[in-house]
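Undergrad: Have a look at this one.
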Amino acid sequence: MEFWRGHAFIMGMVLLLSACASTRSATPPPPRAILEPAAADNPSERLMIYGERLRWLAPSSLDAERAAAEEDYRRDPSAFNRLRLALLLALRRAPFRDDMRARDLLSQAATERGSSNQPLRSFAMWLLQDFDDRWAAERALDEERRQRLTLQKKLDQLKAVEEDMDRRASPSVVTPR
């Protein structure tokens, strides 16, 4: 819980993006339309709004959006297009989820040169840190599960030994002399 303290609005946006969202069958906007929010002036803000809107897309729309993002990235491998594609690839409920490629794209965006890319670099570095923290938490959770299973097996073995001992032990018969 201590990890979550101190994070601002952006943490909520990333958590919403990475959470398993319901796939409502509401009519989603066309894939290209979700990229152009009217109120967003800078690229980082556009990406945050884009990421939040991704969670409402149906799987078929996600596939179409991924194809569009891949095409845009091939045509122009800018920091913005890298981050856009990374957001899609990091979605937990996406059938095409690819954490390693998303991390690679985030790393590339975090090292992008140019003063105009500073907000995107900062956003990419923050996402990388969150990605690493999430990965570490998932590994710790996996380790806890392994330990719990190991302890459960040991407990079951002890119960079996105790039951076996109870079956073998015959009631002690004391014969009078």
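The values are calculated or read from the model by the stated rules, or taken from the named source; none is laboratory data. As the structure is a computational prediction, the values presented were derived from the model and not from experiment. Cβ sites come from the backbone with ideal geometry, for glycine too, and all protein chains shown count toward neighbours. What goes into the accessible areas is simple: the full protein's heavy atoms, side chains included, and nothing from ligands, DNA or RNA. Shrake-Rupley method; radii C 1.70, N 1.55, O 1.52, S 1.80 Å.
Undergrad: For segment 91-177, what is the accessible area per residue in Å² when the probe is 1.4 Å?
TA: Value returned for segment 91-177: 78 Å² of accessible area per residue.
Undergrad: What nm value, rounded to one decimal, do you get for the distance between ALA140 and PHE96 when each label is placed 7 Å out toward the C-beta?
TA: Taking the simple label geometry, ALA140 and PHE96 are separated by 3.3 nm.
Undergrad: With +1 on each Lys and Arg Cβ and -1 on each Asp and Glu Cβ, how big is the dipole of segment 74-177 about its Cα centre, in debye rounded to the nearest 20?
TA: 260
Undergrad: Ok, one more. Could you tell me which trypsin sites (Lys or Arg not before Pro) in segment 57-164 are loop residues by DSSP with no more than 11 other beta carbons within 10 angstrom of their beta carbon?
TA: Of the trypsin sites (Lys or Arg not before Pro), the ones in loops of segment 57-164 whose Cβ has at most 11 other Cβ atoms within 10 Å are ARG113.
Undergrad: If I model a spin label as a point 7 Å beyond the Cα along the Cα-Cβ vector, how far apart are those points for ALA67 and ARG148 in nm?
TA: My value for the distance between the label points is 4.1 nm.
Undergrad: So which chymotrypsin sites (Phe, Trp or Tyr not before Pro) in segment 54-108 are both in a DSSP loop and have at most 14 other Cβ atoms within 10 Å of their Cβ?
TA: Sites meeting the loop and neighbour criteria: PHE96.
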